[in-house]
Amino acid sequence: MFKKIICTNKKAQQLYEIEEIYEAGIQLLGCEVKSLRLGRANLSDSFARIVNGEAYLYNFHISPYPHSREAQKLDPTRTRKLLLKKSEIKRLMGKTQERGYTLIPLKVYFNERGLAKIELGLAKGKKLYDRREKIKKKELEREIQRKYKGRIIK
């Protein structure tokens, strides 16, 4: 399965605990698709919401395509509709109304058919102490790896 990844949300893994992952299509204009193919997108502050039974993506920045007149008029962070099945939307609506759950975009890519897709994560925010524990755990694992490497070489 071929995926051409355009951009990823690196902070999502640090700030949120992702429980489920969904794949959705994005409703885009032609000049936005061309800009995405050039890799001119940013997911850093974006989030998704379900409003009136439809899913929308907010603050997803797609830079204007330089060779298009209509792209100059568009807002790069405009709200974009996400294409999901009704059953998925209902499930996500129920989950996001629970306390603490949110929809976070994880990555944007083109699938093997050339369609722009976005990976959404149903996530719960991590507490500060959870993040600190994870950092300490990584540092301990690195130290252990260094010690074992030293023994093997000697």
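The values are calculated or read from the model by the stated rules, or taken from the named source; none is laboratory data. Note that the structure is predicted; figures quoted are calculated from it, not measured. Positions of Cβ are generated from backbone atoms using ideal geometry, with glycine treated the same way; all protein chains shown enter the neighbour counts.
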Looking at the range 90-113, which of the residues that are part of a strand (DSSP E or B) and closer than 17 Å to Lys4 by Cβ is farthest from the chain's Cα centre (by Cα)?
Phe110
Look at Tyr56 and say whether it is in a loop (DSSP other than H, G, I, E, B) and either in contact with a Cys (Cβ under 7 Å, 6 or more places away or on another chain) or under 14 Å from Gln27 (Cα atoms) (or both).
no
Filter the range 55-89 down to residues that are among the acidic types (Asp, Glu) and loosely packed, with under 13 Cβ neighbours inside 10 Å and give me whichever is farthest from Asn9 (Cα to Cα).
Glu70
Restricted to the range 66-89, and to residues that are part of a loop (DSSP other than H, G, I, E, B) and either over 25 Å from Ile5 (Cβ atoms) or among the polar types (S, T, N, Q) (or both), which residue is farthest from the chain's Cα centre (by Cα)?
Ser68
State yes or no: is Lys136 at pLDDT 85 or above, among the basic types (Lys, Arg), within 14 Å of the chain's Cα centre (by Cα) and closer than 21 Å to Ala12 by Cα?
no
I'd like to know if the range 127-150 contains one or more residues that are under 22 Å from Tyr16 (Cβ atoms) and part of a strand (DSSP E or B).
no
Taking interchain pairs and intrachain pairs at least six residues apart, which have beta carbon atoms under 7 angstrom, with the first residue in the range 30-51 and buried (at least 16 other Cβ atoms within 10 Å of the Cβ) and the second of a type in the set (D, E, K, R)?
Cys31/Glu70
